[in-house]
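Working notes, beginning with the structure itself.
Read-outs throughout are calculated quantities, based only on the coordinates presented, and are distinct from any laboratory measurement. Bear in mind the structure is a predicted one, so any value in this text is a computation, not a measurement. Note: ideal-geometry Cβ built from the backbone for every residue, glycine included; neighbour counts use all protein chains shown.
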Amino acid sequence: MASKKKRKPKRVAQLAHRKLANKERKRTADLDRLFALGPGGSPQSPIPVPTPVLIQSSAEAMPCPLCAGRLRMHDDEIDRTTEALLRIAHCKCDGCGVPRKMWFRIQPHVAN
Ligand SMILES: [Zn+2]
C-alpha cells in the first residue's frame, strides 16, 4: 500500500488563499460602495420610474456590479423610512448570489 503521507505545505496555501480572499473582499466592498453611489444604490439617489410596474424590469436591466451577472427581483417593498414615495427592489444575482437592494422613486409626472 502506498503511503499517502506526503503533506503539502498547507500553511502557505492557506495564507495565499486568505490573502486572495481579503483582496477579493476588498474589491467586492469597493464595487459595493461604487454601486451605492450610483443611481438606485441608495435612498438618496433613487431611480425615477413613472409607475411601479416598471420597477422589476428596470431593476433587472441593471447588471450585478460584482460579477456583471443577471439580477433577479424577488420582492419589492415601500420604503417607509423616507417621506418620498420610494420603493425598494430586493434583487439577487444569478451569478454570484449576492443580494442587492435598489431604490426607485415613483414619479408619475416625469417631464419629457
Ligand atoms: Zn453577481
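Tabulated values for the structure
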item: Pairwise FRET efficiency - residue 85 versus residue 60, Cβ, R0 = 30 Å, nearest 0.05; result: 0.90
item: Proximal lysines to residue 10, defined as alpha-carbon separation beneath 18 angstrom and excluding residues fewer than eight positions away on the same chain; result: 19
item: Anisotropy class of the chain from Cα gyration tensor, a/c 1.5 cut; result: prolate
item: Spatial separation of Cα centroids for the range 27-56 and the range 77-102, in angstrom; result: 8
item: With Cα atoms, 0 to 90° folded angle of helix 10-37 axis to the chain main axis; result: 10
item: Relative contact order (percent, whole number), the range 11-106, Cα cutoff 8 Å, 6+ residue spacing; result: 26
item: Percent of beta bridges antiparallel (DSSP, the chain, rounded to nearest 5); result: 85
item: Charge dipole (the chain, unit charges on Cβ, about Cα centre) - positive-most of 109, 36, 48; result: 36
item: Among 74, 17, 90: highest mean-square fluctuation, GNM of the chain, C-alpha pairs under 10 Å; result: 17
item: Neighbour-limited loop hits for GluC sites (Glu not before Pro), the range 1-105 (at most 10 other Cβ within 10 Å; DSSP other than H, G, I, E, B); result: 83
item: Potential extension, residue 37-residue 78 segment - 0.36 nm per residue separation minus Cα distance; result: 12.7 nm
